[in-house]
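Chemist: Please find one structure pasted underneath; my questions will follow.
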Amino acid sequence: MEGRLSPQLSVVIVVYSDSENFRMALEHLRAQTVFNLLEPIIVAPSRKELNLDIRKLEGFSGYKLLELGSFESEGAAKAEGVMAASAPLIAFLEDHSYPEIGWAEALIEAHRRGEFAVVGPVMLNANPYSSLSWGCFLVYYGHWMVARPQQEVKHLPANQSCYKRDLLLKYDSRLSEMLETESVLHWDLLSRGYHLCQEPAARVYHLNYSLLGPMVYEYFLASRVFAAKRALSWSLLRRVLYTLGSPLLPLIRLRRILRDASRAGLQARVIFRAFVILVLVLCAGATGEILGYAFGVGKASKRLARFEGKRHLSFTHRDLEAVARLSACI
């Protein structure tokens, strides 16, 4: 450790198993302009399952490998990463997210410039050849394809954004619950008077499903978890009203997605080809929210964690080729 700089940014990555998409994500982390100020914190079931070459972590300010066994939920795994972090800033990154080389530096500088609780990146599609991929991307991250004025930012990309460590630690025993649904965390921070910022110089490519089945199933589960966590403190009447109103969500969200896509200058033919996929995924999400508001989370968190453990099996060879082309440019 002698001669190393103190970490300025801890990067928490929840990894379920060895995969090509994770190895390429780690390459993008190593390519950062300030990689010697970064502390990767890799949260995995076990080192054996991860099968990671430790030499890939040399040169960073430090690193930690956390072995948790089976994951109760992704929020719990992320919370363990936060507790282990040494840096004053903590960014989350997925094993299928690929930041441009200036990403970390831009996040650090944005926090230095302003009093922000959270700084998020601009999101880009890592496998844009597929209309199914675009459908998936637009549902999850289309809102952040271009940077927004600070006063408009009400929430930021989940699993991709950068927090002040001290603020996360204040949630104490509630941390895993809040990290399970980061939109709820962002709204809570806003209600406490904190500010959020989207940094245009921090850009992340996200690898999306190009298969319909995994896309629909994941969004259904994630939507049930979101609704259940969001409604934890609600009255029965409010839960009933949201349950009855949830069938309207596909129409409301489709309108927003189309507006965001137009604002980002996405070609009309791309939107047209992804339209049916958008509708199907949004309907799956509405179904998940109805169940979440009406009956709570059920087993959705555990099923989502199990599903995430096999996510890499749902990426096609062509998907990985698209990421490899990105990696060749770093």
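Bear in mind that the values in this text are calculations on the coordinates, not laboratory data. Bear in mind the structure is a predicted one, so any value in this text is a computation, not a measurement. Backbone-built Cβ (ideal geometry, glycine too); neighbour counts: all protein chains shown.
Chemist: Compute the separation of the alpha-carbon centres of the stretch 235-277 and the stretch 47-66 and state it in Å as a whole number.
Modeler: 40 Å
Chemist: Between V276, V122, V216, which gets the highest mean-square fluctuation from a Gaussian network model of the chain, Cα cutoff 10 Å?
Modeler: Fluctuation is largest for V276.
Chemist: Contour minus end-to-end for L313 and C329, with contour as 0.36 nm per residue of separation and end-to-end as the Cα-Cα distance?
Modeler: Working it through step by step, the gained length comes to 3.3 nm.
Chemist: Continuing with the same structure: Taking the convex hull of the Cα atoms, report for the stretch 9-206 its projected area averaged over all directions, in nm².
Modeler: 10.5 nm²
Chemist: Given 20 °C and 1.002 mPa s, compute D for the stretch 171-330 with the Stokes-Einstein relation, Rh being the Kirkwood radius over Cα pairs; round to the nearest whole µm²/s.
Modeler: 119 µm²/s
Chemist: Hey, another quick one. Run the paramagnetic zone check for I101: 7 angstrom along Cα to Cβ, then residues of the stretch 10-45 with backbone nitrogen under 13 Å.
Modeler: Under cut-off, by backbone N: 28-35.
Chemist: Here's something else I'd like to know. Among L5, L212, rank each residue by its count of other Cβ atoms within 10 Å, from fewest to most, as a rough exposure measure.
Modeler: Lowest count first: L5, L212.
Chemist: Now, a different point. Roughly what would the spin-label model give for D172 and R55, points 7 Å off Cα along C-beta, in nm?
Modeler: That separation, rounded to one decimal, is 4.7 nm.
Chemist: Viscosity 1.567 mPa s, temperature 4 °C: give me the Stokes-Einstein translational D for the stretch 1-125 in µm²/s, with Rh taken as the Kirkwood radius over C-alpha pairs.
Modeler: 88 µm²/s
Chemist: On to the next question. Below 18 Å, Cα to Cα, which aspartates and glutamates can K154 reach? Residues fewer than 8 away in the same chain don't count.
Modeler: E115, E180, E182, D188, E199, D260
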